Amino acid sequence: MSYTYPASKHPDLQDINLELLKGQSVLLTGPSGSGKSTLLRVMGGLAPRFYGGRLQGQIKLFGKDLRQWTHRDLSRYIGVLFQDPESQLVTTRVDQELVFGMENVGYARALMQDRLQEIAAVFAMQPWLYYPTLHLSGGWKQKTVLASIMAVRPRLLLLDEPLSQLDGDSAEQFLDYLDRCRHLWGMSVVIAEHRLDKLVKRVDKVLYIRQGRIQSQPTERISWLLGNGETEDCLATKRLPVPSKGRRLAGLKDVKFCYPNADQPVLKQLSLDLHAGEITCLMGANGAGKTTLLKLLMGTLKPCQGQVDICGENPYRMPAPQLARKVGYLSQEPGDYLFSPTVRQEIEFTYRSLQLKDYSRVDRMLEQLHLQPLAQRNPRDLSWGERQRTALASILVAQPQVLLLDEPTRGLDYRLKNDLAIMLRDVARQGTAILVATHDHNWANSFTDRVLYLQHGSIVDIADDKNPGEERLEVWPGQV
């Protein structure tokens, strides 16, 4: 099988031969942009059906050509999790989301109720089963979409970076459940993932993808893959001694924040200072409130108590153009930033909007983030990691004084993570205060000046050599 996107001059997938057995699990790994997501789209019947493009060769499910399957039957037999789970949420409440797929394939009401309770128990969703999906954090949105897919109980499950927004405990819990489903119901699973350490001992086969071609690697040779640039140990950027603090640029003082109808506040009397030239990583379990904290600094949320400031001013009251010159913010959904026809125009839009002059920075940013070969591509046709880098470039090119990043390593291979760490270190040296919310503790510990842990609404400063663990918090799961 070969597949080419509409705007591509060369095949994005070439000469793919793959047989998937009942109950088998396959791990797709390889560099960002190598074709992992595209392969899942083709296997799920989404490309070229919805994405357009040209497909050569055959794809069969249970011996029947995939193009002959109806949409309804495909949705019953194949479950697909995209890298941006927010795009898959279609209802306004968690319990409604869990039954939506079952309703569409025509399950009986009694079966839906039984399956709803089963899934809610497995994913520990009872405390927030009736909460609005809009108020969930990125990690809990990902859990909700995963749960809604598993409720239908498809025969083939295609997962694109399913662990990218899950904390350590949640990731292990989900993988345990996945193994159980495979053994009980013969479900076959294909997972595209960069967090190899979580999956290496759980899969039957590894497919290494590079430049649209796959090479089968037996599981016992996974160490070969890890030793060739696919391991977190290869991060070359090491944490430097904590520099003397520069001037304070932003922060929160005695901040309390609670969402409407929530039982408990997400943040309690929280204080944090961000200084010029300092990189701070913020960690914590899913729902701890990391994204909430970033949005308070951005001024999109207003604290119930306490003070928030950016360069001495209240961001909630600052005009948008003024705030955009001082703060750069990358959310968990890079697709929200992308609307221009090409990658280059996406970055140039920032310059036009902020009336900046030095357009040479556009080329430098394209080169630094390895986007030069993609400059004329439509951002929507790129992989998740490539879109993440495009959105990041459109923010960094403005040289903000304060930089807020929410899970910036999602979809990035370890080489690109290392490049990002080096770039952020350079940005910090120019006097920018950087705050990064992440679950990637190896990456965070490799280069940052300070690692903080958000727990029970408060911040804990942890030792450099200590992995805090990611315990499940007994609070309402932190809305974004």
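I need the full set of residues from region 37-93 which are surrounded by fewer than 16 Cβ atoms within 10 Å (Cβ to Cβ) and of a type in the set (Lys, Arg), in order please.
Selection gives Arg54, Lys60, Lys64, Arg67, Arg72, Arg93.
Taking region 8-27, which residues are surrounded by 14 or more Cβ atoms within 10 Å (Cβ to Cβ) and touching a Gly at 6+ places or on another chain (Cβ under 9 Å)?
Narrowing region 8-27 to residues surrounded by 14 or more Cβ atoms within 10 Å (Cβ to Cβ): 8, 11-14, 16, 18, 20, 23-27.
Passing the criteria: Ser8, Pro11, Asp12, Leu13, Gln14, Ile16, Gly23.
Across region 292-308, what is the total count of residues that are over 13 Å from Tyr259 (Cα atoms) and in contact with a helix residue (DSSP H, G or I) (Cβ under 7 Å, 6 or more places away or on another chain)?
Count: 4.
If Tyr107 satisfies all but one of (1) more than 30 Å from Leu301 (Cα to Cα); (2) in a helix (DSSP H, G or I), what's the number of the condition it fails?
Unmet for Tyr107, out of (1) more than 30 Å from Leu301 (Cα to Cα); (2) in a helix (DSSP H, G or I): (2).
Just a yes or no: is a residue in region 170-183 in contact (Cβ under 8 Å) with a residue 12 or more places away in the chain and either of a type in the set (Val, Ile, Thr) or in the same structural domain as Met283 (by TED's automatic domain parsing) (or both)?
There is no residue in region 170-183 that is in contact (Cβ under 8 Å) with a residue 12 or more places away in the chain and either of a type in the set (Val, Ile, Thr) or in the same structural domain as Met283 (by TED's automatic domain parsing) (or both).
Within region 379-397, can one find any residue that is surrounded by fewer than 22 Cβ atoms within 10 Å (Cβ to Cβ) and part of a loop (DSSP other than H, G, I, E, B)?
There is no residue in region 379-397 that is surrounded by fewer than 22 Cβ atoms within 10 Å (Cβ to Cβ) and part of a loop (DSSP other than H, G, I, E, B).
Specify which of the listed residues (Arg180, Arg76, Arg115) is outside any loop (DSSP other than H, G, I, E, B), modelled with pLDDT of 90 or more and charged (D, E, K, R). Even if it seems obvious, please write down each step before you answer.
Values: Arg180 fails: modelled with pLDDT of 90 or more; Arg76 fails: modelled with pLDDT of 90 or more.
Criteria check complete, one pass: Arg115.
Check off (1) at pLDDT 80 or above; (2) in contact with a strand residue (DSSP E or B) (Cβ under 6 Å, 6 or more places away or on another chain); (3) surrounded by fewer than 19 Cβ atoms within 10 Å (Cβ to Cβ) for Val206 and give me the number that stays unchecked.
(3)
Scan region 423-445 and report the pairs whose first residue is over 16 Å from Gly251 (Cβ atoms) and whose second residue is basic (Lys, Arg) and surrounded by 21 or more Cβ atoms within 10 Å (Cβ to Cβ), with Cβ atoms within less than 8 Å and a gap of 6+ or a chain change.
What qualifies is Asp440/Lys417; Trp443/Lys417.
Of all residues in region 399-442 being among the charged types (D, E, K, R) and not in a loop (DSSP other than H, G, I, E, B), which is farthest from Pro334 (Cα to Cα)? If you could, list the steps in order and put the result at the bottom.
So the first thing to find is which residues in region 399-442 are among the charged types (D, E, K, R), and the list is 406-407, 410, 413, 415, 417, 419, 425-426, 429, 440.
In the following step, the residues that additionally are not in a loop (DSSP other than H, G, I, E, B) were identified as 406, 415, 417, 419, 425-426, 429.
Numbers: Asp406: 10, Arg415: 20, Lys417: 16, Asp419: 18, Arg425: 22, Asp426: 22, Arg429: 25 Å.
Residue satisfying both the conditions and the ranking: Arg429.
Among what's in region 413-449 and is surrounded by fewer than 19 Cβ atoms within 10 Å (Cβ to Cβ) and basic (Lys, Arg), pick the residue that is nearest to Cys281 (Cα to Cα).
For region 413-449, the residue satisfying everything is Arg425.
I need the full set of residues from region 241-276 which are among the hydroxyl-bearing types (Ser, Thr, Tyr), within 26 Å of Arg425 (Cα to Cα) and outside any strand (DSSP E or B), in order please. Steps first, answer last, please.
First, the residues of region 241-276 that are among the hydroxyl-bearing types (Ser, Thr, Tyr): 244, 259, 271.
Imposing the further condition that a residue be within 26 Å of Arg425 (Cα to Cα) reduces the set to 244, 271.
Ser244 - this is the single residue of region 241-276 that is among the hydroxyl-bearing types (Ser, Thr, Tyr), within 26 Å of Arg425 (Cα to Cα) and outside any strand (DSSP E or B).
Name the residue that is modelled with the lowest pLDDT, counting only residues in region 16-73 that are acidic (Asp, Glu) and either part of a helix (DSSP H, G or I) or over 28 Å from Gly385 (Cα atoms) (or both).
Kept after step one, since they are acidic (Asp, Glu), are these residues of region 16-73: 19, 65, 73.
Subset that is either part of a helix (DSSP H, G or I) or over 28 Å from Gly385 (Cα atoms) (or both): 65, 73.
Details: Asp65: 93, Asp73: 88.
Among them, the one singled out is Asp73.
Considering only region 131-157, state which residues are part of a strand (DSSP E or B) and modelled with pLDDT of 90 or more. Talk me through it step by step, then tell me what you get.
Within region 131-157, the subset part of a strand (DSSP E or B) is 132, 156-157.
Passing the criteria: Leu156, Leu157.
Just checking, does region 262-271 include any residue being of a type in the set (D, E, K, R) and crowded, with 17+ Cβ neighbours inside 10 Å?
Residues of region 262-271 of a type in the set (D, E, K, R): 263, 268.
This time we only want the ones that are crowded, with 17+ Cβ neighbours inside 10 Å, so: 268.
Among the residues of region 262-271, at least one is of a type in the set (D, E, K, R) and crowded, with 17+ Cβ neighbours inside 10 Å, which makes the answer yes.
The values are calculated or read from the model by the stated rules, or taken from the named source; none is laboratory data. On a predicted model such as this, the values are computed, not experimentally measured, just so you know. We place every Cβ from the backbone using ideal geometry, glycine too, and count neighbours over all the protein chains shown.
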